[in-house]
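Below is one structure; the comments refer to it alone.
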Amino acid sequence: SFDADGTVYVGKIAKERLVSHPLDTVSVFKRFMGTPKTYQLAVRQYKPEEISALVLRRLKEDAENYLQEEIEEAIISVPAYFNDLARNATKNAGKLAGLKVDRIINEPSAAALAYQNRNHLEDATMLIFDFGGGTLDVSLVECFENIVEILAVSGDNRLGGTDFDRAIAGAFCKEHG
């Protein structure tokens, strides 16, 4: 979200400003990574990767403040079905945020590794559902020796958590309105 004085807000504050400043705020833009879509915010047009760079830059700053050291490199997770254009746009967003992107990892792979590590599992086969804000991933993965093998993937970058939220809210209002 952009304030009139040029201040950029991300995260919770930006989400709150979506209600009060809808013309100056954008959300669910990740589904358009690697496409020619643009957003008019404040006085200029932004590509999804430029908006993503603003978010990544804030995450970088927050991590640096917390860790009290400079962050130069990152591994960024993306939906498993992201095509090469979307993945390259994500790498470019990292570069625009001042990061060297060492690797792009599929979000279901990241979730599987975290679950395997947290639960001290040696081997596991998992079905992972990722209802992101604007995207949906379903992946069948096999984990062994800190390796995640993607056995099957399906997804929809035009369907995600916000779409489900809208459908549930609509159904509730219809039933109780």
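Do you know which residues across the stretch 114-135 are more than 22 Å from L56 (Cβ to Cβ) and open to solvent by less than 80 Å² (accessible area, probe 1.4 Å)? If you could, list the steps in order and put the result at the bottom.
Within the stretch 114-135, the subset more than 22 Å from L56 (Cβ to Cβ) is 115-129.
Residues satisfying the conditions are Q116, N119, L121, A124, M126, I128.
Is at least one residue of the stretch 123-130 closer than 30 Å to E50 by Cβ and not acidic (D, E)?
Our first condition is that a residue be closer than 30 Å to E50 by Cβ; within the stretch 123-130, this holds for 128-130.
Narrowing further to those that are not acidic (D, E): 128-129.
The answer is yes, given that some residue of the stretch 123-130 is closer than 30 Å to E50 by Cβ and not acidic (D, E).
Tell me, yes or no, whether the stretch 160-169 has at least one residue that is modelled with pLDDT of 85 or more and either open to solvent by less than 60 Å² (accessible area, probe 1.4 Å) or not in a helix (DSSP H, G or I) (or both). Yes, the stretch 160-169 contains at least one residue that is modelled with pLDDT of 85 or more and either open to solvent by less than 60 Å² (accessible area, probe 1.4 Å) or not in a helix (DSSP H, G or I) (or both). For the stretch 18-28, the criterion of being among the charged types (D, E, K, R) and within 19 Å of the chain's Cα centre (by Cα) is satisfied by no residue at all.
With respect to the stated conditions, V10 is in contact with a Lys or Arg (Cβ under 6 Å, 6 or more places away or on another chain) and not aromatic (F, W, Y).
If a residue has to be farther than 20 Å from I76 by Cβ and either in contact (Cβ under 8 Å) with a residue 40 or more places away in the chain or not small (G, A, S) (or both) to count, how many in the stretch 2-36 make the cut? Spell out how you get there, then give the answer.
Taking the stretch 2-36 as the starting set, the residues that turn out to be farther than 20 Å from I76 by Cβ are 2-7, 9, 12-13, 15-25, 36.
Of the ones still in play, those that are also either in contact (Cβ under 8 Å) with a residue 40 or more places away in the chain or not small (G, A, S) (or both) are 2-3, 5, 7, 9, 12-13, 15-19, 21-25, 36.
Number of matching residues: 18.
The values are calculated or read from the model by the stated rules, or taken from the named source; none is laboratory data. None of these values were measured; they are calculated from a predicted model. Cβ: placed from backbone, ideal geometry, glycine included. Neighbour counts: every protein chain shown. When the accessible area is computed, the model is the full protein with side chains, heavy atoms only, and any ligands, DNA or RNA have been set aside. Shrake-Rupley method; radii C 1.70, N 1.55, O 1.52, S 1.80 Å.
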